[in-house]
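Colleague: My questions all concern the structure below.
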Amino acid sequence: MSYSIAIIILVTSVATYISRLLGVLTSERLSSKSKVFDWFNYVAYSILAALMVRMIIFPNGALQDAEISSRIIVTIICLSVFILTKKNLVIPTILSFLLLTIFVLGV
Amino acid sequence: MINRKFFYLGLRSLAGTSSPALALAASFIALGAIFKHSGFNLEQSVASSLFTYALPGQLVMTESYLIGASLINIFISVWLVNFRFYPMTVALMPALHHKNQPRWKYYISCHFLAVSSWLIMKEGYKKIDKRFRLDYWIGIGSGTLTSAVLSTTFGYLISDYLSNDLMIALGIVNPVYFLCMMVGAMTNIKTTVAIVMGGILGPIFYLFTPEWSILISGFIGGSLAFLIKEKK
């Protein structure tokens, strides 16, 4: 460990802020009615969907220790509950935690 | 400087049935525990969530630190993993523009950009008067960032009580919450195609190029959606 944690945090924060700032600078002359804005909008939604599905199918960290079948079943149940409760987000959020706990503990 | 009414309106998005607070808490509590086990002290853990505020990037930083990666390597891998903020910012900021708002507010408030705040803002900005959208955004961002920092602190302090089983269960909360939010955003054919294609392509490209998979699938899925002609 040749670098101090403080410097690593600084480098990480700068590397992250650059993308946010570049986004602000790019959008300065962009109208929210333009085609370019539209394109960025769909790309952004698509990127987020790719990221979230990847986090469930190929997770990092502790979630890897849960069976892929249990991760997918929990996700499908929670999405169904979200639709059935007319877009209540709190219920499926809590349910995902409880269901996966049950799966992991094998109750 | 900041319109209080709209700031509080944004802040209030943390309450109610669409609140991202639980999802943020679950993932940042887990992150706090990971920091503790990786040898960070409390101040460093708080500083990381406050100044970086991007979960995947913070995880990459921690892993890089543990294997002793060089600063340039850390910079490049974090930049790549958090590059999604670039298209996300471009897809949001034009909607917040107003000539009465000073530029510095955009430069500072872009730090609040994260998946949670972005999705909430995208869902609600059209209902907000254009003059005050930036203040509304700052309200949302202050709330989500504060939740992240407090949860990191809490996770750090209780890390010894978090079993691996609990850490596994905490891991599912964040992607499930955001997937629900995205299903909720599928109100027209183009957004639906963007989200469904991204969700299908993401894991497929991951098999070939883990680092680039998210950006490539987003680029393809988003472009396909953009090209679709909507019936009017």
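The values are calculated or read from the model by the stated rules, or taken from the named source; none is laboratory data. Quantities reported herein were computed from a predicted structural model and do not represent experimental measurements. Ideal geometry is used to build each Cβ from the backbone, glycine not excepted, and the neighbour counts take in all protein chains shown.
Colleague: When you go through B:Leu145, B:Leu150, B:Leu170 one by one, which is the residue that is among the aliphatic types (A, V, I, L, M), under 17 Å from the mean Cα position of the chain (by Cα) and away from chain A (no Cβ under 13 Å)? Steps first, answer last, please.
Modeller: Values: B:Leu145 fails: away from chain A (no Cβ under 13 Å); B:Leu170 fails: away from chain A (no Cβ under 13 Å).
The conditions single out B:Leu150.
Colleague: When A:Ser80 is evaluated against the numbered criteria (1) at the interface with another protein chain (Cβ under 7 Å from one of its Cβ atoms); (2) over 15 Å from the mean Cα position of the chain (by Cα); (3) within 26 Å of B:Lys122 (Cβ to Cβ), which criterion, by number, is the only one it fails?
Modeller: (1)
Colleague: Would you confirm, using the coordinates I've provided, whether B:Phe132 is among the hydrophobic types (A, V, I, L, M, F, W, C), over 14 Å from the mean Cα position of the chain (by Cα) and either more than 14 Å from every other protein chain (Cβ to nearest Cβ) or on the phi < 0 side of the Ramachandran plot (or both)?
Modeller: On the way: among the hydrophobic types (A, V, I, L, M, F, W, C): yes; over 14 Å from the mean Cα position of the chain (by Cα): yes; either more than 14 Å from every other protein chain (Cβ to nearest Cβ) or on the phi < 0 side of the Ramachandran plot (or both): yes.
Against the criterion (among the hydrophobic types (A, V, I, L, M, F, W, C), over 14 Å from the mean Cα position of the chain (by Cα) and either more than 14 Å from every other protein chain (Cβ to nearest Cβ) or on the phi < 0 side of the Ramachandran plot (or both)), B:Phe132 qualifies.
Colleague: Would you please name the residue that is farthest from the other protein chains (Cβ to nearest Cβ), looking only at residues in region A:10-64 that are surrounded by fewer than 20 Cβ atoms within 10 Å (Cβ to Cβ) and within 19 Å of the chain's Cα centre (by Cα)?
Modeller: A:Gln64
Colleague: Which condition number in (1) surrounded by fewer than 16 Cβ atoms within 10 Å (Cβ to Cβ); (2) modelled with pLDDT under 95 is the one that B:Glu43 fails?
Modeller: Just one mismatch for B:Glu43, condition (2).
Colleague: Answer yes or no as to whether B:Leu71 is over 15 Å from A:Val14 (Cα atoms), facing another protein chain (nearest Cβ under 7 Å), of a type outside the set (Asp, Glu) and free of Cβ contacts under 8 Å to residues at least 60 places away in the same chain. Quick ask: steps written out before the conclusion?
Modeller: Numbers: over 15 Å from A:Val14 (Cα atoms): no; facing another protein chain (nearest Cβ under 7 Å): yes; of a type outside the set (Asp, Glu): yes; free of Cβ contacts under 8 Å to residues at least 60 places away in the same chain: yes.
Answer is no for this residue.
Colleague: Based on what the data block shows, is B:Met197 touching a residue at least 60 places away in the same chain (Cβ under 8 Å), more than 18 Å from the chain's Cα centre (by Cα), within 7 Å of another protein chain (Cβ to nearest Cβ) and over 19 Å from B:Lys122 (Cα atoms)?
Modeller: Values: touching a residue at least 60 places away in the same chain (Cβ under 8 Å): no; more than 18 Å from the chain's Cα centre (by Cα): yes; within 7 Å of another protein chain (Cβ to nearest Cβ): yes; over 19 Å from B:Lys122 (Cα atoms): yes.
Criteria not met by B:Met197.
Colleague: Where in region B:75-152 are there helices (runs of 4 or more DSSP H), lying fully within it, with 1 or more residues that are touching a Ser or Thr at 6+ places or on another chain (Cβ under 6 Å) and crowded, with 24+ Cβ neighbours inside 10 Å?
Modeller: Details: elements: B:85-90, B:103-109, B:115-124.
The helices (runs of 4 or more DSSP H) meeting that bar are B:85-90, B:115-124.
Colleague: Among the helices (runs of 4 or more DSSP H) lying completely within region B:1-52, list those that include at least 3 residues that are within 12 Å of another protein chain (Cβ to nearest Cβ) and either within 30 Å of B:Lys99 (Cα to Cα) or not aromatic (Phe, Trp, Tyr) (or both). Walk me through it before giving the result.
Modeller: On the way: elements: B:4-11, B:21-37, B:42-51.
Result: B:21-37, B:42-51.
Colleague: A further question follows. Within region B:78-90, how many residues turn out to be farther than 12 Å from A:Ser13 by Cα and either touching a residue at least 24 places away in the same chain (Cβ under 8 Å) or among the polar types (S, T, N, Q) (or both)? Before you say what the answer is, go through the steps one by one.
Modeller: Just the residues of region B:78-90 that are farther than 12 Å from A:Ser13 by Cα, to begin with: B:80-81, B:83-90.
Filter again for either touching a residue at least 24 places away in the same chain (Cβ under 8 Å) or among the polar types (S, T, N, Q) (or both), leaving B:80-81, B:83-85, B:87-89.
The qualifying residues number 8.
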